[in-house]
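All remarks here apply to the structure that follows.
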Amino acid sequence: MFNDIGPLELVTLIVLAVLVFGPDKLPKVIQDVTRTIRKIREFSESAKNDIREELGPEFKDFEFEDLNPKTFIRKQLDNEDLGLKEIRNGFDLKKEMAEVTDAVHSRESDASSGSSAGAAGSSGGRIDMTKKPETPGPDDRPPFDADAT
């Protein structure tokens, strides 16, 4: 409930409580607050139990936390019936990227070892994916750009 309160903030709250209520009334105030919190928890638990009883036996495993959309989606994605875990585990992005990187690096090492582009393109059915600048021929005109004129 108070997971985000630090030690300095807790000490500040205690000092403020002592100043506001005084050292004589502070134990009585703490007892009243804890009693009220306990009654609220008992009331909410009894309300949950009444709702479960009214829903019937087909909703015996119903949890109110499932009404939170994040919890519901997380629970559905972790469902074993859909087989999403196998799909998620079967798709390893790091492994795929490593394979692509290895393929690109081996292609670069083949090209740098003196093999020609035609021979490298025909050997093994690999496609040369390196970007090569296209040099226009002497009679080629640049493409027409309507926005530039």
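A short reminder: the numbers here are calculations on the coordinates, not readings from a lab. Values in this document were obtained by computation on a predicted structure and should not be read as measured data. Glycine gets a Cβ as well: all are built from the backbone with ideal geometry, and neighbour counts include every protein chain shown.
At a Förster distance of 41 Å, what's the computed FRET efficiency of Asp50 paired with Asp4, Cβ-Cβ distance as r, to 0.05? Each step should come with its number before you reach the end.
On the way: r = 32 Å, r/R0 = 0.79.
Between Asp50 and Asp4 the formula returns 0.80.
Would you mind calculating the gained length between Asp139 and Ala103 on full extension (0.36 nm times residue separation, minus the Cα-Cα distance), in nm to one decimal?
So the extension gain works out to 9.2 nm.
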